[in-house]
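Have a look at the structure below, then the notes.
Since every read-out is calculated from the coordinates, none of them should be taken as a lab result. Everything numeric in this text was worked out from a predicted model, so none of it was measured. Cβ coordinates were reconstructed from backbone atoms using ideal geometry, including for glycine residues, and neighbour counts include every protein chain displayed.
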Amino acid sequence: MTDYVSVENAIDMEGLRVVLTPGLPAPWSESAKGLLFVKKLPYIKVGQEVLGANEALIRWTAQATAPTIIWNDEPPRSTWLEQLYLFERLAPAPRLIPANFAERSHMIGLAHAICGEDGYTWNRRHIMVRDFTAADKDDGTREMFAKLGQKYWFSDEVSRAAPGRIAEILDALASQLEAQRRSGSRYFIGSSLTALDIYWACHAVTLKPLADDVCQMPSFLRNVYTNTDPVIAKATAPILLEHRDYIYNTYLQLPLEF
């Protein structure tokens, strides 16, 4: 496991402090790390309490999520989009937000479909909660995932809708990649890497985790991250995982350290 400083110690530090989820490849945390790696931005890793009370973090940032980004004495940033714009300001090159308005709007819209509320991973969480609070699971597992469900406003209704919502997003992403491939591009938008490529690579581990030699995690967590829903499986076009692997192997740090 990578080295983390405590929230209490990080508060009085300067520079870029990044609150991350230790011990597991959490998609939003890994996305932030991927952006920082590509931009070569140094930062201090701060440990969040996974499903814990996070009282010190709440006092500091008024919320308990990870990743949360704190740059010097600026307000904490806890959403993926405001974090992306901060990283772009601190390290303008390489540019990960397209300069072209249409491309920028398209990229942000698709990124929201992956990272945002009611997006791909949000709904993937609903399915995890559905499957791991089932009657055949032990009490500890059910309690852990019930807490996760509270964070994402889980209900039977949203769990029923989640597979179709995810399939809709996967179809849109696959169609975009296929159109780009026909135009000769290996990227979601334009002809070069954007933040969208990194977001998809890091969130797609909850469809099928990366191989154990580059992403070591407990077998239980690997089972949680492996999709078994038939609706989602049908919508998982090969190009989606091919693109994830291309981005990881070409641009991101492997093996993962979390």
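Look at where the Cα atoms of segment 168-195 and of segment 113-163 average out, and the two centres are 28 Å apart. Close amide H pairs (under 5 Å, H built 1.01 Å from N) link I44 with L16, R17, V18, residues at least 5 positions away or on another chain. Beyond 31 Å in Cα-Cα separation lie the following of the pairs K45/K137; K40/K234; K45/K234; K39/K208: K45/K137; K40/K234; K45/K234.
Here, segment 7-90 yields an orientationally averaged convex hull projection of 5.0 nm² when only Cα atoms define the hull.
GluC sites (Glu not before Pro), restricted to segment 112-168: which are DSSP loop and have at most 11 other Cβ atoms within 10 Å? Filter output for segment 112-168: E117. Computed over the chain, the quotient of the alpha carbon radius of gyration and 2.2 N^0.38 Å is 0.99.
Note on E8/E143: beta-carbon distance plugged into 1/(1 + (r/R0)^6) with R0 of 35 Å gives a FRET efficiency of 0.80.
A DSSP coil position with no more than 10 other Cβ atoms inside 10 Å describes the following trypsin sites (Lys or Arg not before Pro) in segment 1-44: K40. Taking other C-beta atoms within 10 Å as the exposure proxy, W153, W71 rank W153, W71 from fewest upward. The local environment of Q176, defined by Cβ-Cβ distances under 12 Å, has a net charge of -2 under the rule Lys, Arg +1 and Asp, Glu -1. Between E168 and K40, the simple label model (points 7 Å from Cα in the Cβ direction) yields a spacing of 4.2 nm.
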